[in-house]
Each structure stands twice: as structure tokens, then as C-alpha cells.
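**Q** One structure, pasted below without further comment.
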Amino acid sequence: MLRTVAWQSLKSRKKTVVLTFLSLLVSITVLIAVEHIRFEAKRSFNRSISGTDLIVGAPSGELNLLLYSVFRLGSPTNNIQLSSYNMLKEHKSIAWTIPISLGDSHRGFRVMGTSSEYFTHYRFGEEDSLKFTHGQPFESLFDVVIGSEVAQSLGYSLGDSIVISHGIGSTSFKNHEHAPFAIRGILTPTGTPVDKTVHVSLAAIEAIHLPPSQLEQIVEQGRTDLLTPSTITAVLVGLENRFATFTLQRQLNNFKDDRLMAVLPGVAMTQLWQLMGNIENLLRVTAFLVLLSSLFGLSTMLIASMNERRLEIAVLRTLGASPAIIFQLIVYEAILIGGLAFGAACALVSVSLATLSDWLIQHYGLFLSANIFSLDVAILGVCVFVAIVLAALAPAIEAYKNALNTQLSPS
Amino acid sequence: MQLTTPSPSPSSSNAVDVADVVYRYPSRQSAFLCDRWSLPKGQHTFLHGNSGSGKSTLLSLLSGIAQPQHGTITLNNTQLNTLTPKQQDSYRARHIGIVFQQFNLIPYLTVRQNVELASYFAKRSVDITDQLLVMLASLQLPEAILSKTVSQLSVGQQQRVAIMRALINSPQLLLIDEPTSALDANARDGFMQMLMSASQSFESTMIFVSHDPSLRQFFKHHLAVTDICRWGEEGLSC
């Protein structure tokens, strides 16, 4: 019955209630969107690589190595010797290795030279392996496998021909026109930097950097074994036994024949996320401030209604409503408005994400799930509920006092 | 006119017993004082007095909405000041029906919801539909009125609905405060006849407060507020 009274009371003050509702809707939507995007960004970030025990590259700082080898961001400062890669391949503690060679691009997308082991051993998310939507891994020298976002953005399909450019800018003055590639495979979307990567073999990276005449000669003679690079950018390493991780890391960091640095991806990723923590907190604080201003609006609306509701409170008191019930009624009203605003905000964010998901992937490479229901959002819901109850306290106390002072007289 | 006799102690045959009551408004220097007064069960009393004489204050005290700083008020053998505030609210919901002069009903609720609210606070779990239909007939109101909001009703209809709500829990005591002030003479007489008839059928004790002496004709028992209570300094007898 109290719920009916609270609901009908709100309906009788439609204009102010609707404006308060809209104010809360906007602020809660911002709050949920920020929290969800933060959560999804962190999830997406953390799922970029899994199952890899060590990343080995030239000494340049843990974050830098992580950024260029996993996220295709920044530039490698130095390379490691191919012999070091061969040493890692043959190491008894190591189960698999994936070589990475970076430095070229295709229309703004990074080109990565690697081996077929990449398609076998690379893991992301919950130890998910790479899958092909179309085609298969590269076989011949000028085969290329592209990530889903590359295919979608550039409208590529199997068999299309592409040319790789020197350097990593979106516009390059030096295209390797003499060595066009044919698309051999398109990977299934992963929500990781893999989607934005153009994959070729290590031999292909070596080939496109040769003078055209020399390359032509090698191809004609079928001597692709000559296309072996002397250096590569980094190596992703999977161990036979993870207990050996720290021992091997120490060994590699002290390796005498080449300057190597081995980093644990999990540790480096945590460091990187901590760097972004300030931005994350800034977004959260802004969203909470927006909510706070709306809650003040809610409180003001309820307090402003108290004067006109003096008689209504008197009627309720004569019917046997205690001051505590009057207090409860005001809190109910606040919870009703806040609850409806929270529900509508959840629906708005979900529908927006479901509708805009393709556009977000296409334009920003953001894989945001439309399912916003996570523990973080649930905690947020509880916080919003508590904040609404707190915002309702001042008007509820005012109503309580009115109820205590009620007399059977309109004066 | 019959003045009720003072009674020395609460009696089981009385609906109201007031003894040595002192009530002081926080914003007022003088106190409202009632020494001894009682009202037999089932009696309908017309309580009159000028504005400011303390009629509404007396009703607030009798309904338990205002708490006297001193003295006792006993309603049907229940001493109000021995009850906790919550118990007093509950007692009021179950045993007292109140009709005001103007602000009787909650305007945004329907007639049915207004009446159900009284039943809800009295913690009655029974379906009141049949009771409502009987009361509508006796108060000459159409059934369709139940689903109308109060703001859609005329003043006369609102006052009849207020009576219906006051009687829905079959109260032992009815407190009526200037209910006819907004009605014209014809409507007032019709309303009074309905009120008397309805309250008699519920065997409720009624205290009808008004400053309009023309309403005395509807009552056998008349009383001036100043005969039983007064504004003055605490410690001085009435």
C-alpha cells in the first residue's frame, strides 16, 4: 500500500519528478558507461595475451617490450640475434617459441613477421587459440594472414593483393611494390591487437627488404632458404614447466652472447594498467560528481515538495501512520525514482552498446560487450542505492519532523 | 443542553476520560488545561466554541496525535499515555475515526485507495469491497466513484468519502472537526443527516466540533469547550 501511495504521489508531481528522473538517468548512464568501458577495457587489455610465460627482446624496458610485442604500440629500439631465437627454440625448459619481427605496416596496420607456430601456440583471453574465419595460415612466401579488423576496415577478402610499406606510419613514402602479397587467411575476431595485425612469414619480411632484382633471382631459383633474417624483434616463449620461469628469466637477462631481456607478461601488464589507473580514477570521479549533482537535485525536489505535502502528511498521521512511516514513504519515493533511473540507464547503455558495437569495432577497435551486468556494475548499483537513500535522508527527516508536529488544524 | 458530569476516575462505561491534562505548544506561553471530563460510550456530543478556544487542540490530544505534558487521557479503558507513540498510532488507526474540515483526503489517490489506506494502517487483512458497497449506498454515492481520484469529486462528495473512510474500521470514537464549513445550507443538512445515521449504525461515540451553533439541532448533548478546558497558566484549576 505504501508503494502505491509513493507511486501515486510521484505521479501527482509529474513535471518535477520527470525532470529529476532525467537528471538521474543521465548521470547514472554516464556512471555505468564509464564503469563498463573501464571494465571492458581492462578485460580486453588482460585478454590480449595468455599462456605466454616470457617475452624475450632487446633490453629497452619492460613496458616498451610489452607494448610493441603484444600491443603493436611504440617502436622496438633494438633487435635480438636470430641465433638467440634458435637457442631459445632448443632450450630444454622451453616448450614453444613464437618469433616476432616488426617494423613495417600496411595502410596504418602493423605488419608482423612470424612463423607458423604463431597460429598453433598463440593464446589470448581464456587460453583461446587463433581461429580462421576464412582461409588458412600462410604457406608460400607471399601469403599474408590478416586480422578481422584489417579485413573489415579495408574490405579485404581471400585472394586480394596487398602491398606492404616500410615503416609504421599510416602513410609511407616507401612501398614494397615489387613484392605484393596475396591474402591467404582471415582470422576470427579476438578483441585483441591480433585483429589489427597483418601477419607474414619471417622470410617474407626479409624478402621485401631485398633489392627487387635479388629477390627476383631468389624466387626464380626457389632458394627461399636464403631468406633467413639475421635479427628479429622479440620472441614469445611458452615453458615446459612454469616453475622454471624465474630461473630462465634470470638466465636470459644474464645471457652473454646477445643482449636479451625477458619479461613476465602478467607483471608487465599489471605495471601498464597501474599507469592508466589515474585516468581511470579521474573518469570515475567525474562520473560520481555528475551523480552527486543529480542527487542534490533529487533531495531538493523532495524538500521543496514538503511544504505542499504538509496537509497530506497530517492526513496520513490521523489515519495512524507513524512518523517513521512518513519517513519511510519519502525514502520509498526516492528509491522509486532512483531505481527507475538505474533500470532505464542499464537498458540505455545495453541497447546503445548492442546497436553501436559494429561501429565501435570499426572506428575505435573497441570490443565492448552489450552485457553490462558484472560484479563491478552490481557494486555500483549498491553504491547508487545507498547514495539515493542518503540523498533522501534530509527530506525524510523534514517529513518526520512535520509528522511529529502535526495538529488537527490546517494552520 | 446537557453537560456531562465530571467523573473522578476512569470508568468502563465511559468512552473518554480526561484528567488533569496540561498541554503546551512550544511556540505559545499559555497552556491548554483540562481538569476532569468524561464522555459515556455511544454518546454523540456537539462541542462548540469560538476560534482559538482549543477545539482542535482537544481533538489532537484525544486522537493521540498531540501528547499532553501532564495528566491522563483514557479512551475506552485504554490510557493513551501508557502507550508508546507507535502503539498510540496503531490505536488511532484501529479505534478512532477522524474527519477534518478541509483536508480530509489524499488528492492523488482514488476514493478506494483513500479508504483502503485507513484499513491498511489498522492492519486489517479482510477484503473491504462488500463493506464499501454498503457504505456507498448509505451515503448515497455511486459505485463508480470508487475509481475516481479525489480531485474529481465535489466538496460534498469528498466529505461523504471522508466519513466513509473514518467509519471503515468501525471505530469506537469518531472525532469530527468542522466538516460542514465548506458546504451550503442544503448540503450541510443532508450531510449531517447522513453522518448521524451512519455513526448510529456503527454505535460509535462521536465528538462533533463546530463553531456553527445551527448544528446543535442534530445533537442531544451539547458542550462548550470552555466548560471543560481553557487556556491558562499551569497549576490554576479550571
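**Q** Taking interchain pairs and intrachain pairs at least six residues apart, which have beta carbon atoms under 7 angstrom, with the first residue in segment B:52-67 and within 13 Å of A:Gly320 (Cα to Cα) and the second hydrophobic (A, V, I, L, M, F, W, C) and outside any loop (DSSP other than H, G, I, E, B)?
**A** Hits for this filter: B:Ser63/B:Ile96; B:Ser63/B:Ile98; B:Ser63/B:Leu175; B:Gly64/B:Leu80.
**Q** Just to be sure I understand the filter: pairs with C-beta atoms under 9 Å, separated by 6 or more residues or on different chains, first member in segment A:1-21 and within 7 Å of another protein chain (Cβ to nearest Cβ), second member basic (Lys, Arg) and outside any helix (DSSP H, G or I). Which pairs pass?
**A** Here the result reads A:Ser9/A:Arg309, each pair linking segment A:1-21 to a residue that is basic (Lys, Arg) and outside any helix (DSSP H, G or I).
**Q** Scan segment B:95-146 residue by residue and report those that are of a type in the set (S, T, N, Q) and within 14 Å of chain A (Cβ to nearest Cβ).
**A** Kept after step one, since they are of a type in the set (S, T, N, Q), are these residues of segment B:95-146: B:101-102, B:104, B:110, B:113-114, B:119, B:125, B:129, B:131, B:138, B:140.
Within segment B:95-146, B:Gln101, B:Gln102, B:Asn104, B:Thr110, B:Gln113, B:Asn114, B:Ser119, B:Ser125 meet the criteria.
**Q** I'm checking my understanding of the structure. Among residues of segment A:65-106 that are within 23 Å of the chain's Cα centre (by Cα) and closer than 14 Å to A:Leu260 by Cβ, which one is surrounded by the fewest Cβ atoms within 10 Å (Cβ to Cβ)?
**A** Looking at the filtered set, the residue picked out is A:Leu65.
**Q** When you check A:Val219 against the structure, is it over 19 Å from A:Pro265 (Cα atoms), in contact (Cβ under 8 Å) with a residue 24 or more places away in the chain, part of a helix (DSSP H, G or I) and of a type outside the set (Asp, Glu), yes or no?
**A** Yes: the conditions hold for A:Val219.
**Q** Yes or no: segment A:319-340 includes at least one residue that is at pLDDT 85 or above and of a type in the set (Ser, Thr, Tyr).
**A** yes
**Q** Can you name the number of the only condition in (1) more than 25 Å from A:Arg310 (Cβ to Cβ); (2) assigned to a helix (DSSP H, G or I); (3) without any contact (Cβ under 8 Å) to a residue 60 or more places away in the chain that B:Gln157 fails?
**A** The single condition B:Gln157 does not satisfy is (1).
**Q** Further question: Filtering segment A:280-310 down to residues that are buried (at least 18 other Cβ atoms within 10 Å of the Cβ) and either within 14 Å of chain B (Cβ to nearest Cβ) or among the polar types (S, T, N, Q) (or both), which residue is farthest from A:Met1 (Cα to Cα)?
**A** A:Ser294
**Q** Among the candidates A:Leu272, A:Leu264, A:Leu260, A:Leu239, single out the residue that is more than 14 Å from A:Leu88 (Cα to Cα), aliphatic (A, V, I, L, M) and modelled with pLDDT of 85 or more.
**A** Exactly one residue qualifies, and that residue is A:Leu264.
**Q** Mind listing whichever residues of segment B:198-235 are assigned to a helix (DSSP H, G or I) and not aliphatic (A, V, I, L, M)?
**A** Listed by number, the residues that qualify are B:Ser199, B:Gln200, B:Ser201, B:Pro213, B:Ser214, B:Arg216, B:Gln217, B:Phe218, B:Thr226, B:Asp227.
**Q** Now a separate question. May I ask you to list the residues in segment A:46-84 that are closer than 22 Å to A:Thr120 by Cβ and β-branched (Val, Ile, Thr)?
**A** A:Ile49, A:Thr52, A:Ile55, A:Val56, A:Val70, A:Ile80
**Q** While we're here: Of the conditions (1) part of a loop (DSSP other than H, G, I, E, B); (2) out of contact with any Ser or Thr (no Cβ under 6 Å at 6 or more places or on another chain), A:Trp96 fails just one. Which one is it?
**A** (1)
**Q** Here's another thing I want to ask about it. Please give the strands (runs of 3 or more DSSP E) falling wholly within segment A:116-193 in which 2 or more residues are under 20 Å from A:Arg72 (Cα atoms).
**A** Filter on segment A:116-193 gives A:143-146, A:181-187.
**Q** Could you tell me which of the residues A:Leu141, A:Leu158, A:Leu154 is closer than 24 Å to A:Asp225 by Cβ and more than 22 Å from the chain's Cα centre (by Cα)? First the steps, then the outcome.
**A** Values: A:Leu158 fails: closer than 24 Å to A:Asp225 by Cβ; A:Leu154 fails: closer than 24 Å to A:Asp225 by Cβ.
It is A:Leu141.
**Q** Those residues that are free of Cβ contacts under 8 Å to residues at least 12 places away in the same chain and in a helix (DSSP H, G or I), I need them from segment A:248-277; list them, please.
**A** A:Arg250, A:Gln251, A:Asn253, A:Gly266, A:Thr270, A:Gln274, A:Met276, A:Gly277, listed by residue number.
**Q** Looking at A:Ala6, is it over 28 Å from the mean Cα position of the chain (by Cα) and either under 30 Å from A:Ser69 (Cα atoms) or part of a helix (DSSP H, G or I) (or both)?
**A** yes
**Q** Quick one: count up the residues across segment A:52-64 that are within 20 Å of the chain's Cα centre (by Cα) and buried (at least 20 other Cβ atoms within 10 Å of the Cβ).
**A** Counting residues in segment A:52-64 that are within 20 Å of the chain's Cα centre (by Cα) and buried (at least 20 other Cβ atoms within 10 Å of the Cβ) gives 2.
**Q** Looking at segment A:334-346, can you tell me whether even one residue there is in a helix (DSSP H, G or I), surrounded by 22 or more Cβ atoms within 10 Å (Cβ to Cβ) and in contact with a Pro (Cβ under 9 Å, 6 or more places away or on another chain)?
**A** Within segment A:334-346, the first condition is being in a helix (DSSP H, G or I), and the residues that meet it are A:334-346.
Within this subset, residues satisfying the condition of being surrounded by 22 or more Cβ atoms within 10 Å (Cβ to Cβ) are A:334, A:337-338, A:341-342, A:345.
If we keep only those that are in contact with a Pro (Cβ under 9 Å, 6 or more places away or on another chain) as well, we get A:334.
Looking for residues that are in a helix (DSSP H, G or I), surrounded by 22 or more Cβ atoms within 10 Å (Cβ to Cβ) and in contact with a Pro (Cβ under 9 Å, 6 or more places away or on another chain), one finds at least one in segment A:334-346, hence yes.
**Q** I'm checking my understanding of the structure. Among residues of segment B:33-67 that are more than 22 Å from B:Met206 (Cβ to Cβ) and within 14 Å of another protein chain (Cβ to nearest Cβ), which one is surrounded by the most Cβ atoms within 10 Å (Cβ to Cβ)?
**A** B:Gln67
**Q** Please tell me if A:Arg259 is basic (Lys, Arg), more than 30 Å from B:Leu105 (Cβ to Cβ), surrounded by fewer than 18 Cβ atoms within 10 Å (Cβ to Cβ) and out of contact with any His (no Cβ under 9 Å at 6 or more places or on another chain).
**A** Values: basic (Lys, Arg): yes; more than 30 Å from B:Leu105 (Cβ to Cβ): yes; surrounded by fewer than 18 Cβ atoms within 10 Å (Cβ to Cβ): yes; out of contact with any His (no Cβ under 9 Å at 6 or more places or on another chain): yes.
Here the answer is yes, as A:Arg259 does meet what is asked.
The values are calculated or read from the model by the stated rules, or taken from the named source; none is laboratory data. In this text the structure is predicted, and so the values were computed from the model without any measurement. Positions of Cβ are generated from backbone atoms using ideal geometry, with glycine treated the same way; all protein chains shown enter the neighbour counts.
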